[in-house]
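The values are calculated or read from the model by the stated rules, or taken from the named source; none is laboratory data. In this text the structure is predicted, and so the values were computed from the model without any measurement. Quick reminder, even Gly has a Cβ in these numbers, built from the backbone with ideal geometry, and neighbours come from all protein chains shown. Note: areas computed on protein heavy atoms with side chains; ligands, DNA, RNA excluded. Shrake-Rupley method; radii C 1.70, N 1.55, O 1.52, S 1.80 Å.
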Amino acid sequence: MTDKFDKTPADEPPADKQPAGSPEGKDDSAVSKEAAVAAHPEQIKAIPVRHYGRYVSGVVVLALLGWLGFAFSQGDIRWATISEYLFDSRILEGALNTIIISVLSMIIGLVLGIVFAVMRLSKNPVTGAVSWLYIWFFRGTPVYVQLLLWFNLALIFPILNIGFYKDEMVDVMTPFLVALLGLGLNEGAYMAEIVRAGIQSVDEGQSEASHALGMSNGKTMRRVVLPQAMRVIVPPTGNEFINLLKTSSLVSAVQYTDLLRAATNIGSTSFAIMEMLIVASIWYLALTSVFSVGQYYVERYYARGSLRQLPPTPWQRIKANVLSLQSPRGV
């Protein structure tokens, strides 16, 4: 009786009657071909996706940049005047004054920021209220208005009398002092918020542990909290300094001879207003670039405790790329 479940085709010999030559009934050539295919599978050809939008946007941006450069080249600008006054002694003196007023104002702002941030976090309601009022006023009014208030302070207090020192306010409030107070006090309000955020980023258990070891509040703040908070404080502080470096151009309104005022003075006498503004812009770009590099390395220094391995610096990346190009292929 025939088995109903026998599914072997009629024209194919049974498995036990396959021709000899290989364990599966296949010849040696077929086995070798299958082995070669298994050893070297066909590689998949990956075809990258074409982003036509990137090409179009890149062409549009390059076209706009080319149009802008062509417009400046066709404008009524005396480029020789720019190179002539770029390193003029008056421009160099103005750039130096800009650096001095920016650095000193940042120091004042940082000191005031730490003090008022600690006052803001204090449990004393009086110090907390004073800190909040200081931050509210100097963050809520423009820097230009604050500079004009300090510059015209003699209208309210004609004479400065503090007991051991007495003089007319006009002689006391020099352009340098007006610029220093206007920029420093305004920067202190912003730094207070930055420092407060950095202090609050440190876990409270750090302070509790230091208090358990017998450290006072001031010592805990100096040796435990602030060093750890610097990782959060430094990046926005660098940005604030670069912003302050540009904001210092407002001090020209109070007769302080900074970079912008030196450039405008030369431009008004030589009738090269646009050229001198370009000179001032070049110097501002140079100063901000230099301080941006310094900010990068300061941030890298304070990031040592938070990262297992610091990322390579730009110089290290360039060096690694050059060495990779010089090394022979296949190594």
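What the phi angles of the range 73-85 give under the Karplus curve with 6.51, -1.76 and 1.60, with θ = phi - 60°, is a coupling list of 5, 8, x, 7, 10, 8, 5, 5, 5, 5, 5, 6, 9 Hz, glycine and proline written as x. Geometric descriptor of the range 209-268, per residue, is 97 Å³ (volume of the convex hull of the Cα atoms). In plain terms, the chain from residue 159 to residue 89 could stretch by 21.5 nm, reckoned as 0.36 nm per residue minus the Cα-Cα distance. Fully extending the segment from residue 136 to residue 68, taken as 0.36 nm per residue of separation minus the present Cα-Cα distance, adds 20.3 nm. Ranked by the mean number of other Cβ atoms within 10 Å of their residues, highest first, the peptides 84-97, 186-199, 203-216, 133-146 come out as 186-199, 84-97, 133-146, 203-216. Each peptide among 72-78, 220-226 gets the average number of other Cβ atoms lying within 10 Å of its residues, and from highest to lowest they stand as 220-226, 72-78. Residues whose amide H lies under 5 Å from that of residue 160, counting only those 5 or more places away or on a different chain, are 167, 168, 169; hydrogens are built 1.01 Å from N in the peptide plane. Between residue 152 and residue 59, the modelled label-to-label distance comes to 5.7 nm, taking each label 7 Å out from Cα in the direction of the beta carbon.
Put a dot 7 Å past the Cα of residue 171, heading toward its Cβ, do the same for residue 129, and the two dots end up 4.0 nm apart. Heavy-atom accessible surface of residue 70, to the nearest 10 Å², is about 120 Å², with a 1.4 Å probe and all protein chains retained. Computed with a 1.4 Å probe on the full set of protein chains, the accessible area for residue 231 sits at about 120 Å². Take the Cα of residue 197, step 7 Å toward its Cβ, do the same at residue 122, and the gap between the two points is 2.4 nm.
Averaging the Cα positions of each part gives two centres, and for the range 206-233 and the range 127-161 these lie 33 Å apart.
Sequence-ordered 3J(HN,Hα) estimates for the range 230-240 from the Karplus curve with 6.51, -1.76 and 1.60 and θ = phi - 60° stand at 4, 4, 8, 7, 4, x, x, 5, x, 5, 5 Hz, glycine and proline given as x. Using the Cβ-Cβ distance between residue 103 and residue 51 with R0 = 56 Å, the FRET efficiency computed as 1/(1 + (r/R0)^6) comes to roughly 0.75.
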